[in-house]
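All remarks here apply to the structure that follows.
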Amino acid sequence: MSEATNLCCVKCNSILDRGSFQGLEVDLCPKCGGLWLDRGEITRAAKLPEEELDRLRGLLTGKAGPPPVPTENKAPCPSCPGSLAEVVLGAVHVDYCNKCHGIFLDRGELQPAVEAVRARSRDTGAQDVVIAISTAGD
Ligand SMILES: [Zn+2]
Ligand SMILES: [Zn+2]
């Protein structure tokens, strides 16, 4: 992994901020409250203690205003030349890159996504996707 320049938000094109949570580095949008997670990071997020998750959620409020517009089906990946497609992750639809296996969570989607990962052994429907996005590296 290189020290990439900051990524751009999939939804509103703002420059994403870096946040660090017990060594987990995530990219979050200060404007719309979106969150970009590289491959495997959702699993690490799901293992954070509640107070760290609270701190992360607190940074994902974004500015007041309308929720971000849903992405077109072929939004470009902020992190690689791939493109994003919607996948079902537990109770929410997230934007998933099938090339680098990153995911973009809209404001409010972190908690359901984390719960889906925590519950993956019970939810066979989401299992394939969860395994794909939560496996670290090849
Ligand atoms: Zn944004
Ligand atoms: Zn990608």
Report yes if Glu109 is open to solvent by 80 Å² or more (accessible area, probe 1.4 Å) and acidic (Asp, Glu), otherwise no. no
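Which residues, counting only those in segment 63-83, are modelled with pLDDT of 65 or more, open to solvent by 50 Å² or more (accessible area, probe 1.4 Å) and within 15 Å of ligand 1 (Cβ to nearest atom)? Before you say what the answer is, go through the steps one by one.
Taking segment 63-83 and keeping what is modelled with pLDDT of 65 or more, we get 63-65, 74-83.
Narrowing the set further to residues that are open to solvent by 50 Å² or more (accessible area, probe 1.4 Å) leaves 63-64, 74, 76, 79, 81.
Residues satisfying the conditions are Lys63, Ala64, Pro76, Ser79.
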Within segment 1-21, the count of residues that are open to solvent by 50 Å² or more (accessible area, probe 1.4 Å), touching a Pro at 6+ places or on another chain (Cβ under 8 Å) and either more than 16 Å from ligand 1 (Cβ to nearest atom) or in a loop (DSSP other than H, G, I, E, B) (or both) comes to 0
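Within segment 29-47, which residues are open to solvent by 10 Å² or more (accessible area, probe 1.4 Å) and touching a residue at least 12 places away in the same chain (Cβ under 8 Å)? Break it down stepwise before answering.
Initial filter on segment 29-47 (open to solvent by 10 Å² or more (accessible area, probe 1.4 Å)): 30-32, 38-39, 41, 43-44, 46-47.
Scanning segment 29-47 gives Pro30, Lys31, Cys32, Asp38, Arg39, Glu41, Thr43, Arg44, Ala46.
The values are calculated or read from the model by the stated rules, or taken from the named source; none is laboratory data. Please read all numbers here as calculations on a predicted model, not as lab measurements. FYI the Cβ positions are ideal-geometry reconstructions off the backbone, even for glycines, and counts take in every protein chain you see. Areas reflect the complete protein model, heavy atoms only, side chains present, ligands, DNA and RNA absent. Shrake-Rupley method; radii C 1.70, N 1.55, O 1.52, S 1.80 Å.
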